[in-house]
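What follows is calculated from the coordinates using simple rules that are stated; it is not laboratory data. All values derive from a computational prediction rather than experimental measurement. Reconstructed Cβ throughout: ideal geometry from the backbone, glycine too, with neighbour counts over all protein chains shown.
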Amino acid sequence: MQPLAEPTRLLRPDQPLDGNTARSATAAAPVALGLPSADGDYYVRLQPLPDLDRLEVRWREMERQADVSYFVSWHWIGAWLALICPPRLARLASVYQNGRRVAMGVFTVRRRWFGLGPMHLRLHEVGDKALDNLTIEYNGLLCERGHEREALAAVIRYLTRANSRWLTFYLPGVDTDSVPFDRIRSDTVDTRIMKRSTHYVDLAALRDSGGDYLSTALSSGARAAVRRTARKLESQFGELSVIVADTQEQKLAFFHAMVQLHQAHWSGEQDEHGAFGDPRILHFHESLITDATTDEGEGAQLVRLDAGGHVVGYVYNLVWRGVVYFYQAGIDYPRFGDFGSPGLLLLSRTIERTLEDGHARFELMAGDSEYKRTLGVAEGKMIWLSLDRIGWTSRLRRAWWSLTRRDG
C-alpha cells in the first residue's frame with residue numbers, strides 16, 4: 001500500500017501596499033469600489049490588519065452566521081495569524097453589502113526583487129514554501145450564508161477594476177463549487193487552475209442506511225485487505241483497540257509520537273521532509289491541540305491503533321461542525337509494514353469510530369492517492385486558482401516559466 005501522507009479603511013493613495021505597514025497601523029480616508037449585483041451593491045475594502053483581539057471578536061461573530069470549514073474558522077486563522085503570518089504582510093479584506101459587512105478574509109502581500117517588483121496577493125497563505133506546507137484546504141472568504149459567490153466575485157472585481165498594483169492573486173485550496181467562474185472572467189486577467197480530487201465518506205448517509213463502513217462502503221478487495229491485516233496483527237500481537245485521546249496532555253503525547261513516526265518515514269524519501277519538519281509548523285499544531293476555546297468534541301483529534309499493547313500508528317484529525325478532516329498519520333512501517341496494509345486498517349478503524357461518534361462526514365482531503373480512492377465513498381473537487389493580471393510583466397514571467405520547464 002502507498003504510505004499515508006500527503007495550515008473600515010484602505011491604505012492611503014500615497015501609502016504603497018507593499019507589506020511595510022504594521023499590523024495595527026491606522027490608515028486615512030477609505031477608498032471603496034461599489035459593485036452592483038442583483039441583490040444590492042457590494043463593495044470591498046482592503047486595510048491593515050486590526051489588533052488580533054478585535055479581529056477575533058469580529059471573526060467569531062461572523063463565523064456563527066457562516067457555513068465555514070475548520071480551515072477558515074478562528075481556530076485555524078487565529079493561530080495562523082499569531083504564529084505563522086508575518087504581521088507586516090497581512091491585510092484584511094472586507095466585503096460590504098448596503099453598508100453591512102458580509103464577508104472577510106486575510107490577504108498577504110509580497111513583492112519580489114527587493115520590494116521593487118509587482119505585488120503578489122494570497123488568501124490565507126504567506127507565499128513561503130516552508131510555512132505554506134501547512135496546506136490549507138477548504139479555504140475561502142469567511143461569509144455570511146448566501147453571500148459566498150457574490151462576495152468572492154466582488155473581491156475579484158475590486159482587484160481587477162480598482163487596484164492596478166498587483167500581478168497575481170492566488171486562492172489556494174478552494175472548493176470548486178464556491179467559485180463563481182461565470183463572474184470572474186475579465187479581459188485584464190488570465191486564469192490558471194490546478195484541480196484536485198477530494199475523497200470523502202458521507203457518514204450521515206451511511207448511518208441513515210443502517211450499514212456499517214467496512215461491509216457496505218469498501219470494495220471487496222479493500223475489505224479483504226483490511227481484514228487480512230487485522231487477522232495477522234491479532235495473531236502475532238493480540239487484540240486490536242482504538243484509543244481516542246481525551247485530555248490535552250494525552251493529545252500532545254499522541255501528536256508527538258505521531259510526528260516521530262511520520263518524520264522517520266518521510267526523512268528517508270528523496271526530496272521529502274515530511275509535514276512537520278519546520279519547528280514553526282510543529283508549534284502551530286501544538287497550538288491547535290491546546291486551544292482551550294474549542295467546544296467539546298471539536299478541534300484536534302488524536303487517534304491511536306494498538307495491537308495487543310503495541311502501537312501500530314496514529315491519526316491526526318481536525319473536527320468541526322460534524323466534519324472530521326483527516327490531516328496526517330504516523331505508522332510504524334518498519335515494524336508492521338510486512339503485515340499487509342496497516343495504513344488502510346488504521347484509517348478504516350478511525351472512520352468506523354467517527355461513524356459511531358455521530359459525525360456527519362469524514363474528509364480524506366485533496367489528492368488522488370490510492371488509499372484515498374480506496375477509503376473514500378464519494379468525490380468532490382478542489383482548486384488552486386491563480387488570477388494573473390495581463391501585461392508585460394505577466395508575459396515575461398510566463399516566458400520564464402516555459403523556458404525553465406523546458407530546460408528541466
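Points worth noting:
- Gyration tensor (alpha-carbon) shape descriptor, segment 237-328, a/c threshold 1.5: oblate
- For segment 203-359, the dipole from Cβ point charges (+1 on Lys and Arg, -1 on Asp and Glu) about the Cα centre works out to 560 debye, to the nearest 20.
- Surrounding net charge for THR374, when Lys and Arg each add one and Asp and Glu each subtract one, Cβ distance under 13 Å: 0
- Nearest-0.05 FRET efficiency for ALA224 and ASN133, computed from C-beta distance (R0 45 Å): 0.80
- Look at the Cα gyration tensor of segment 203-359: its axes a ≥ b ≥ c give a/c of at least 1.5 with a/b at or below b/c, and that counts as oblate.
- Annotation: extensible slack from ARG145 through VAL57 equals 29.8 nm (criterion: 0.36 nm per residue apart, minus Cα-Cα distance).
- Estimated Rh, segment 66-150: Kirkwood, alpha-carbon pairs, angstrom: 13.9
- Net +/- balance of residues flanking GLY340 in space, Cβ distance below 14 Å, scoring K and R +1, D and E -1: +4
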